[in-house]
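Visitor: My questions will all concern the structure given below.
The values are calculated or read from the model by the stated rules, or taken from the named source; none is laboratory data. Everything numeric in this text was worked out from a predicted model, so none of it was measured. Cβ sites come from the backbone with ideal geometry, for glycine too, and all protein chains shown count toward neighbours.
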Amino acid sequence: MSDCRSCAEFSRSQLLTRGFAKAGRGLPAVEPGMPDPAGTGLDRRTFLSRSLGAALTVYGASALAPRALDEAIARASAAGRNDRVLVTVFAPGGWDSLSLLYPSGDPRYRHLRPSLALKPDEGKPFSGDSRLHWHPSFESLSHLHQHGRLTVFPAIGYYHPDQSHFTSRHFWEVGALDTRQSTGWLGRLLDVIGDEDNAMQGLSLDSSLMPSLATARVPVATLTNPGDYGFDSHNVWDVPGVLLQEALGSLGGLVDETDPILTNASKTIGQADQLRRQLGRFIGDDGEAHYNTKAKYPETDFGRRLAGLAALLHAGFPIRAVALQAPGSYDTHSDEPGALANGAKEVADCLAAFQHDLEIRRLGGRVVTLLWSEFGRRAEQNDSNGTDHGAAGVGFLMGANVRHKMVGEFPGLSRGLDRDGNLKHTVDFRSVYASLLEHWFDVDSDRILPDAKKLPRFNLV
Amino acid sequence: MDSVPVPVHKGPFGPEQAERLLWRAGFGPRPGEDDALAKKGLHGAVESLVRPHGPDRLVGKPPAVDGHPIAPKDAFGHDHLWWLDRMVRTSQPLVERMTLVWHDWFATSNETVGSQRIMLQQNELFREIGLGSFEGLAMRVTINPAMLLYLNGLNSMKGSPNENYARELMELFTLGVDAGYTERDVREQARALTGWTADYQNGYGWKNFRFKRENHDDAMKVVFGKVGALNWKSAVRLCIAHPKHPAYFVNKLWGYFVPVPPDDATRAALQTLYVQSGHNIRPVVGAILKHPLLYEGPRMTKSPVVYTAGLLRRRGDRISTEDWIWLDAMAGQQLFYPPNVSGWNDDRWLDTSRFRARWLIARRALEKHAFNPDHASPKDRPPSDPKELVDKAIAFWGGVRLTDHTRKALLAYAEKTMAAAIADEGRQRAFPMLTYNALRHLVAVSPEMQTA
């Protein structure tokens, strides 16, 4: 039963889309019939995981002038403190909406999911639709929902759903059902509202640029972790290690009137030192990042990134759009329950902590967070105690300003399935984008989304 | 035939000048290489670079990753390691450097080509004829598989010619933007270039690149006002014969070696030299390498791969890790992946993020050399006098010439760390090593080492 063309394809799409700067280049060709990507022994995942520890990398149509970042950050303390921010979190692999918000009140559910179906008393009831229950891993999100901090899209997708991880994610990243589009939807937003010299406006909290942030005009930045812009050395510790940082800064400030290039090299070192000091506000004597927050984040990499983001926003860094990848891998073709629960709980707990943190810092009114996955999964489970690729999935919008508990309805497992047995969408993801662009960023979404005219809008915020 | 003379550097040509020449025309000196080159004098030195004898000898151990040989055609990023290794070990640095120049000039990215095998073929082409006739090079590039794939020359056919290569051939490769050609010329050149095809085999990729007569538009065309049944050869020939070409060629080539523009007399002399040589690359490069501005003008920022290769070459270290791939990419230059068809932007090599990547590159290069106080034997312990420590760190990098500003910064650091060791026996033993490790790192990332 299992049509798992999946795992190989999925890893490959993940490797490729998480590969190097894709700004302005479109997604590489891996569709059938196209030339193979670089080499057959390709292993970009390993390759990239080694690059964790990589810090700020700036991408842009025209690369950033050396001083611009520091200046842009400095300006932020004067202006832009009230700018609105959108954070997008991508859950990779196509997570199973029919487990995360499971329809135990739908008569077909148990029939389609004989071994996977959760019982009504395992998770809290969902107040938006009596048929649905929250997956136990999502308990912290259910609290947010209860307190009006979360809008649920129980069946989000698009017409003619594509079941390739690669293609479907691409559609979501670029905000169009167009495989040739090479800039991301947030990238195009920043091309309209952004500055020529502020790379922090589009922040990819990842080891490489998230495709949604690929711009054509303005620079954006990648920061693996705000706590990681350090200049340590191998086998240099104690006093020599501490003084090394200061010594590096002292290599800046060299001025040679006859040699502008040598002078510029020195100036860049001075600026790197400044940036290190700015980000260093968050680094304690132990060398670890401390964000001075009362929110309780799980002790995970994702938690630390979000904690760092909240601290950066609080410190006035000029950030408008952020993209990052959620922990976990949701391509659950086999043994779904464990794989899903682990990742989902971390995602939910970290996001809830992030929301709490933002509100303690009085940033609640400035930030909304969109949580998405490239598709949902097949309604009928497979023979490996898992599920195959589906169509519509579940999405969430988190923030202190969200207006609704639910947008779009759950279409049910009888009439709500398409001829492939996948959930039909009741909300087009591009409608959500168009609504956010217009109501949150106050821009004309026609300038950013090719199909904006055809799409309905929702009063989301 | 003698050409109008191009100005020649008349000042001293000692190890300092020889070192700069090795950086501009290669990847910096191996130990002793700058002294040896200086002994040849300016003319002898340049001649040895532009006309190296015999086949290239790669000096030192071949690359290995985790003890295994690399797989440049197959493993992701090993193409980068393969070429970086040549830069580190070559005895013919200018040949490798020209290969890098052509990789940038005729920029082709594996992001689109999707085959390391095909990219490496192109790379060999640049190495093989990179100092010969430019017309010959442009001809070969025009029908090179990687380029056919990159700029859509492949399967560009009669009736629906693809204009991509035709446009870049003029705009970026031979004439310059809007320099002496019209949109009509672009369309007509595209027709002239039609006819190339290949087969795609699953599991192998593109192969059997060939000219297919029935795909070619053999009707009359008009390019630059010249009429004929033009084909791909005439397309290239017309560009090279175009009156705007010599100026474009000379200016662009100059920019790879000297960061400030030439004066008008130099420009004119180089153009004459180029045309009279029959559009040969070698004499023009030779003349640029002897020009006073190369020695008396400002320094140039090293590109990331030149920086990385230079560190390893200076130490005679082999390629033994895949880390160079992501580190160089992070610094802005993964070989075989130029950002677009106009190549890398040499004015943008340094910013705060890329500088940090260079810090990590230097860190990685030094890792195997770092002293560990817990394991060091007493005999090779570094000195504890701050000034001696600084001198030793500079000597480690071949006696790189530092400004007083940088020297003072290094000395201040060493004095402070050693002062903190007073009256503490453990620190007195460990701090010279820790300080020495740090000083070598600071020298490696200094403004003087980022430029040459």
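Visitor: Just to be sure, is residue A:443 part of a loop (DSSP other than H, G, I, E, B), over 30 Å from residue A:292 (Cβ atoms) and β-branched (Val, Ile, Thr)?
Guide: For residue A:443, the condition - part of a loop (DSSP other than H, G, I, E, B), over 30 Å from residue A:292 (Cβ atoms) and β-branched (Val, Ile, Thr) - is met.
Visitor: One residue is enough: does the range B:314-325 have a residue meeting the conditions more than 23 Å from residue B:82 (Cβ to Cβ) and part of a helix (DSSP H, G or I)?
Guide: no
Visitor: Then there is this: Only helices (runs of 4 or more DSSP H) wholly contained in the range A:91-196 count here; list those with 3 or more residues that are touching a strand residue (DSSP E or B) at 6+ places or on another chain (Cβ under 8 Å).
Guide: The qualifying helices (runs of 4 or more DSSP H) are A:97-100, A:139-146, A:165-174, A:185-193.
Visitor: Does residue A:215 satisfy being surrounded by 24 or more Cβ atoms within 10 Å (Cβ to Cβ) and either facing another protein chain (nearest Cβ under 9 Å) or in contact with a Pro (Cβ under 7 Å, 6 or more places away or on another chain) (or both)? If you could, list the steps in order and put the result at the bottom.
Guide: Numbers: surrounded by 24 or more Cβ atoms within 10 Å (Cβ to Cβ): yes; either facing another protein chain (nearest Cβ under 9 Å) or in contact with a Pro (Cβ under 7 Å, 6 or more places away or on another chain) (or both): no.
No; evaluated as a whole, the condition is false for this residue.
Visitor: Run down A:375, A:396, A:354 and say which single residue is in a loop (DSSP other than H, G, I, E, B) and of a type in the set (Phe, Trp, Tyr).
Guide: A:375
Visitor: Next question, about the same structure. Quick check on my filter: what residues within the range B:390-440 are crowded, with 19+ Cβ neighbours inside 10 Å, more than 11 Å from chain A (Cβ to nearest Cβ) and farther than 20 Å from residue B:28 by Cβ?
Guide: Answer for the range B:390-440, where residues must be crowded, with 19+ Cβ neighbours inside 10 Å, more than 11 Å from chain A (Cβ to nearest Cβ) and farther than 20 Å from residue B:28 by Cβ: just B:390.
Visitor: For the range B:65-77, enumerate the residues that are surrounded by fewer than 23 Cβ atoms within 10 Å (Cβ to Cβ) and of a type outside the set (Gly, Ala, Ser).
Guide: The answer is B:65, B:66, B:68, B:69, B:70, B:72, B:73, B:74.
Visitor: In this structure, does residue B:309 turn out to be surrounded by 24 or more Cβ atoms within 10 Å (Cβ to Cβ), within 16 Å of the chain's Cα centre (by Cα) and either charged (D, E, K, R) or more than 23 Å from residue B:20 (Cα to Cα) (or both)?
Guide: So residue B:309 fails the test.
Visitor: For the range A:330-339, name all the residues that are in a loop (DSSP other than H, G, I, E, B) and surrounded by fewer than 20 Cβ atoms within 10 Å (Cβ to Cβ).
Guide: Across the range A:330-339, the qualifying residues are A:334, A:335.
Visitor: If a residue has to be of a type outside the set (S, T, N, Q), more than 10 Å from every other protein chain (Cβ to nearest Cβ) and over 20 Å from residue B:256 (Cα atoms) to count, how many in the range B:319-352 make the cut?
Guide: Number satisfying all stated conditions: 2.
Visitor: Out of all the residues in the range A:73-105, which are modelled with pLDDT of 95 or more and charged (D, E, K, R)?
Guide: Once the filter is applied, which keeps residues that are modelled with pLDDT of 95 or more and charged (D, E, K, R), the range A:73-105 yields A:84, A:96.
Visitor: Only helices (runs of 4 or more DSSP H) wholly contained in the range A:218-322 count here; list those with 3 or more residues that are at the interface with chain B (Cβ under 9 Å from one of its Cβ atoms).
Guide: The qualifying helices (runs of 4 or more DSSP H) are A:238-250, A:260-280.
Visitor: While we're here: Would you pick out the residues in the range B:96-126 that are over 10 Å from the mean Cα position of the chain (by Cα), of a type in the set (A, V, I, L, M) and surrounded by 22 or more Cβ atoms within 10 Å (Cβ to Cβ)?
Guide: Of everything in the range B:96-126, those that are over 10 Å from the mean Cα position of the chain (by Cα), of a type in the set (A, V, I, L, M) and surrounded by 22 or more Cβ atoms within 10 Å (Cβ to Cβ) turn out to be B:113, B:118, B:119.
Visitor: Could you look through the range B:353-387, keep only residues that are of a type in the set (A, V, I, L, M, F, W, C) and more than 22 Å from residue B:320 (Cα to Cα), and pick out the one that is farthest from the other protein chains (Cβ to nearest Cβ)?
Guide: First, pick out the residues of the range B:353-387 that are of a type in the set (A, V, I, L, M, F, W, C): B:355, B:357, B:359-362, B:365-366, B:370-371, B:376.
Right, trim to more than 22 Å from residue B:320 (Cα to Cα) and you get B:355, B:376.
Details: B:355: 5, B:376: 10 Å.
Checking each candidate, the answer is B:376.
Visitor: On to the next question. Pull up the range B:127-166, narrow it to residues that are away from every other protein chain (no Cβ under 14 Å) and of a type in the set (Ser, Thr, Tyr), then point me to the one that is surrounded by the fewest Cβ atoms within 10 Å (Cβ to Cβ). Don't jump to the end; show me each part of the working.
Guide: First pass over the range B:127-166, keeping only residues away from every other protein chain (no Cβ under 14 Å): B:127-144, B:147, B:151, B:153, B:156-166.
Next cut, of a type in the set (Ser, Thr, Tyr) only: B:133, B:142, B:156, B:160, B:165.
Values: B:133: 17, B:142: 22, B:156: 25, B:160: 10, B:165: 27.
So the residue we want is B:160.
Visitor: Counting only residues that are away from chain A (no Cβ under 14 Å) and either under 18 Å from residue B:61 (Cβ atoms) or out of contact with any Leu (no Cβ under 6 Å at 6 or more places or on another chain) (or both), give me the helices (runs of 4 or more DSSP H) lying completely in the range B:72-115 with at least 3 of them.
Guide: Where helices (runs of 4 or more DSSP H) fall fully within the range B:72-115 and carry at least 3 residues being away from chain A (no Cβ under 14 Å) and either under 18 Å from residue B:61 (Cβ atoms) or out of contact with any Leu (no Cβ under 6 Å at 6 or more places or on another chain) (or both), they are B:78-89, B:93-105.
Quick grid of which residues meet (1) at pLDDT below 90; (2) closer than 14 Å to residue B:359 by Cα:
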position: A:203; (1), (2): yes, no
position: A:212; (1), (2): no, no
position: A:216; (1), (2): yes, no
position: A:221; (1), (2): yes, no
position: A:226; (1), (2): yes, no
position: A:230; (1), (2): yes, yes
position: A:235; (1), (2): no, no
position: A:269; (1), (2): no, yes
position: A:275; (1), (2): yes, no
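Visitor: Do the conditions hold for residue B:346, that is, is it under 30 Å from residue A:256 (Cα atoms), under 34 Å from the mean Cα position of the chain (by Cα) and surrounded by 21 or more Cβ atoms within 10 Å (Cβ to Cβ)? Before you say what the answer is, go through the steps one by one.
Guide: Details: under 30 Å from residue A:256 (Cα atoms): yes; under 34 Å from the mean Cα position of the chain (by Cα): yes; surrounded by 21 or more Cβ atoms within 10 Å (Cβ to Cβ): no.
No, not satisfied.
Visitor: Taking residue B:190, is it free of Cβ contacts under 8 Å to residues at least 40 places away in the same chain and farther than 19 Å from residue B:101 by Cα?
Guide: Yes.
Visitor: Does residue B:57 qualify as being without any contact (Cβ under 8 Å) to a residue 60 or more places away in the chain, surrounded by 17 or more Cβ atoms within 10 Å (Cβ to Cβ) and not acidic (Asp, Glu)?
Guide: Against the criterion (without any contact (Cβ under 8 Å) to a residue 60 or more places away in the chain, surrounded by 17 or more Cβ atoms within 10 Å (Cβ to Cβ) and not acidic (Asp, Glu)), residue B:57 does not qualify.
Visitor: I'd like to check something: does the range A:173-195 contain any residue that is modelled with pLDDT under 90 and at the interface with chain B (Cβ under 10 Å from one of its Cβ atoms)?
Guide: No, the range A:173-195 contains no residue that is modelled with pLDDT under 90 and at the interface with chain B (Cβ under 10 Å from one of its Cβ atoms).
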